[in-house]
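S.K.: First the structure, which I've put down as structure tokens, then a few questions once you've had a look.
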Amino acid sequence: MISQLFILSSKGDHLIYKDFRGEAGKDAVTVFYEKVTALTGDQPPVVMSHKELHFVHIRQGGLYWVVTTTADASPFTIVEFLNRLTTLIKDYCGSLSEKSVRMNFALIYELLDEVVDNGYIQTTSTDILKNFIQTEAVSSKPFSLFDLSNVGLFGAETQQSKVAPSAAATRPIMSSRGEQGGKSEIFVDVVERMSVVIGSNGVLMKVDVEGEIRVKCYMPSCLEMRIGLNEEFSIGKSQLRGYGAAVRVDECSFHQAVKLDEFDQYRILKVCPSQGEHVVMQYQLSDELPSAPPFRLFPTIERDNGGRLLMYLKLRCDLHPKSSAINVSVTVPVPKGSLSLSQELSSPDQTAELRPQTRAVHWDIPRFPGGAQLSALFKLEVPGLSSASMMEVGPVGLSFELPKYTCTGLQIRFLRLTPVQPGSSQRWVRYVTHSDSYTIRI
């Protein structure tokens with residue numbers, strides 16, 4: 001018997017909440033997320049308990065799918081139900097992601113009303129449910145290769161999707177073909193967004209990477225474009241291939257105009273682009289990174305003899321020495337009532353300030369070379385500083401851009417056009433990763 005069902009993002013955002021029996025309060029959502037994030041292991045237990053409430057959950061699409069029950073229900077039955085529910089929602093919505101759940105919340109609630117009645121499972125059959133479900137699924141507009149009315153730079157939705165600023169690219173993109181002097185050019189951008197939570201012991205607790213391959217075409221005529229990905233590119237853990245280091249993602253989706261007849265064997269995408277911006281492929285990786293996170297923090301928080309709060313931060317960039325991060329911003333929440341800040345920074349191009357309205361210290365680094373380590377000493381005047389108020393420091397948040405870098409290791413092997421373009425045609429491939437949410441607990 002099911003008491004509640006809810007879906008959470010990797011950051012704990014409430015996406016879907018359904019209470020079938022009224023046996024537990026809505027605070028069960030917060031209790032579950034606190035319990036699952038407090039664990040230090042890589043894989044939290046599927047079944048957890050709090051007082052008389054039992055939590056059973058799975059992780060699919062970077063989301064937590066959770067059922068609570070007060071009865072002695074079989075956890076195997078509930079896990080099987082959750083797996084079938086995720087398959088059902090994927091059948092209706094097309095993919096399992098935070099974005100698709102948010103866009104189709106009305107459809108998902110309608111499905112839950114039919115699937116579960118007063119806590120008892122009725123059916124998860126798509127064939128049966130299609131006779132009762134009236135709500136239409138909402139598709140993601142960035143996948144439209146033809147409707148560019150709502151598309152911004154690099155093919156992202158205006159005011160809906162975060163995109164890499166133009167400063168992250170090694171060559172700027174002009175706003176119209178007329179500004180390009182009539183050149184035949186095509187740009188392929190691999191853009192990734194990462195969300196990371198690192199524990200106070202330096203252990204990677206949560207990670208989600210969402211990526212896109214975007215095309216901006218200024219070719220007067222191009223019948224077909226072939227994009228070759230890493231030969232080692234794999235979807236899921238069970239399909240590792242190739243002889244080099246594995247490049248793996250959990251999920252991958254393509255626009256319907258992309259031809260995949262050479263993808264399974266040769267990892268080649270074929271598309272016939274029109275002039276303008278297009279998103280041809282999206283992918284997601286959860287729970288692990290193929291390499292170390294780009295930043296590591298070593299904090300020291302203490303109180304000096306004068307009663308001031310001392311924060312000594314050492315920040316290390318674990319990128320390759322030939323790489324660098326730009327527009328790095330470190331945000332450190334501080335105790336309420338902090339009055340003034342004095343600082344000692346390791347280089348003159350860095351800046352820092354105390355912003356009382358956000359109750360945080362902001363430390364900005366324009367450029368951070370790979371392999372380097374920078375430090376900052378902050379001294380804050382905090383009236384009535386106590387051990388309890390020192391606990392208000394943190395967690396630390398970072399925002400940054402990583403040009404010429406992808407977290408997953410995805411690379412473009414080649415970019416070929418058919419027919420061969422007469423005259424001078426230029427092809428550009430660029431990579432950038434930027435932070436969606438990068439949190440370090442202290």
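The values are calculated or read from the model by the stated rules, or taken from the named source; none is laboratory data. Since we're looking at a predicted model, the values are computed, not measured. All Cβ positions, glycine included, derive from the backbone under ideal geometry; neighbour counts span all protein chains shown. Accessible surface areas use protein heavy atoms only, side chains included; no ligands, DNA or RNA. Shrake-Rupley method; radii C 1.70, N 1.55, O 1.52, S 1.80 Å.
S.K.: Report in % the part of the accessible area of the chain that belongs to carbon and sulfur, leaving out ligands and nucleic acids; probe 1.4 Å. Working shown, then result.
M.R.: Details: 10430 of 20940 Å².
Carbon plus sulfur share of accessible area: 50 percent.
S.K.: In terms of the Cα gyration tensor, with a ≥ b ≥ c the square roots of its eigenvalues, is the stretch 1-148 rounded because a/c is under 1.5, prolate because a/b exceeds b/c, or oblate? The partial results should precede the final answer.
M.R.: Working: a/c = 2.08, a/b = 1.37, b/c = 1.52.
Judged from the Cα gyration tensor, the stretch 1-148 comes out oblate (a/c at least 1.5, b/c at or above a/b).
S.K.: Let me ask you something else. If amide H atoms are built 1.01 Å from N in the plane of the peptide, which residues on other chains or at least 5 residues away come under 5 Å of the amide H of S324?
M.R.: Sorted by chain and number, the residues that satisfy this are G370.
S.K.: Does the chain classify as rounded, prolate or oblate by the C-alpha gyration tensor (a ≥ b ≥ c root eigenvalues; a/c under 1.5 gives rounded; else a/b over b/c gives prolate, otherwise oblate)?
M.R.: Details: a/c = 2.05, a/b = 1.05, b/c = 1.94.
Oblate, since a/c reaches 1.5 and b/c is not below a/b.
S.K.: Give the aspartates and glutamates reachable from K26 as a straight Cα distance under 17 Å; neighbours fewer than 8 places away on the same chain don't count.
M.R.: Within the straight-line limit of under 17 Å, K26 reaches these aspartates and glutamates: D13, E34, E52.
S.K.: When you count, for each residue, the other Cβ atoms within 10 Å and take the mean per peptide, how do 128-136, 375-383, 56-64 rank with the highest first?
M.R.: Working: 128-136: 11.3, 375-383: 17.4, 56-64: 21.2.
Ranking, from highest mean packing down: 56-64, 375-383, 128-136.
S.K.: Residues of the chain: accessible area per residue at 1.4 Å, in Å²?
M.R.: Details: 20940 Å² over 442 residues.
Here the per-residue accessible area is 47 Å².
S.K.: Where Lys and Arg each count +1 and Asp and Glu each count -1, what net charge lies around V258 among other residues with Cβ under 14 Å from its Cβ? Before the final figure, lay out the partial values.
M.R.: Values: positive: R214, R226, K259, R267, K270; negative: E212, E224, D261, E262, D264.
Net charge around V258: 0.
S.K.: Given Cα pairs under 8 Å that are at least 6 residues apart, what percent is the relative contact order of the chain?
M.R.: On the way: 932 pairs, mean separation 68.4, N = 442.
With pairs under 8 Å counted, the relative contact order is 15 percent.
S.K.: A further question follows. Provide the net charge surrounding L15, with neighbours chosen by a C-beta distance below 13 Å and charges set as Lys +1, Arg +1, Asp -1, Glu -1.
M.R.: Details: positive: K11, K18, K99, R102; negative: D13, E98.
Taking every other residue near L15 into account, the sum is +2.
S.K.: Show me the ranking of peptides 274-283, 17-26 by mean Cβ neighbours inside 10 Å, starting with the highest.
M.R.: Numbers: 274-283: 20.1, 17-26: 15.3.
Going by the mean number of other Cβ atoms within 10 Å, highest first, we get 274-283, 17-26.
S.K.: Quick check: pseudo-label points 7 Å beyond the Cα along Cα→Cβ at T30 and N201, how many nm apart are they?
M.R.: Output for this residue pair reads 2.7 nm.
S.K.: So what's the net charge close to I198: Lys and Arg +1, Asp and Glu -1, counting the other residues with Cβ under 11 Å from its Cβ?
M.R.: Values: positive: K206, R296, R441; negative: none.
In short, +3.
S.K.: Still on this model: For every helix of n ≥ 4 consecutive DSSP H residues, a contribution of -39,500 (n - 2.57) applies; sum these over the chain, divide by its total residues, and give [θ] at 222 nm rounded to the nearest 500 deg cm²/dmol. Before the final figure, lay out the partial values.
M.R.: Numbers: 7 runs with 60 residues, N = 442.
It lands at -4000 deg cm²/dmol.
S.K.: Would you list which aspartates and glutamates come within 15 Å of K90, measuring only between C-alpha atoms, while excluding same-chain residues fewer than 8 positions from it?
M.R.: E98, E110, D127, E136, D250, E251
S.K.: DSSP H helices in the chain with Cα extent of 24 Å or more along the helix axis and mean Kyte-Doolittle hydropathy at least -1.0? Walk me through the intermediate numbers first.
M.R.: Working: long enough: 75-93 (26 Å, 0.46).
Going by DSSP H runs, the hits are 75-93.
S.K.: Can I ask one more? Using modelled amide H (1.01 Å from N, peptide plane; none on Pro or chain starts), what sits under 5 Å from the amide H of V429, excluding residues fewer than 5 places away?
M.R.: Hits under the 5 Å cutoff: V188.
S.K.: Going Cα to Cα from K322, which lysines come in below 17 Å? Please leave out same-chain ones fewer than 8 positions away.
M.R.: K404
S.K.: Taking amide H positions as placed in the peptide plane 1.01 Å from N, state which residues far from D250 in sequence (5 or more) or on other chains have amide H under 5 Å from it.
M.R.: HN-HN under 5 Å from D250: G236, Q284, L285, S286.
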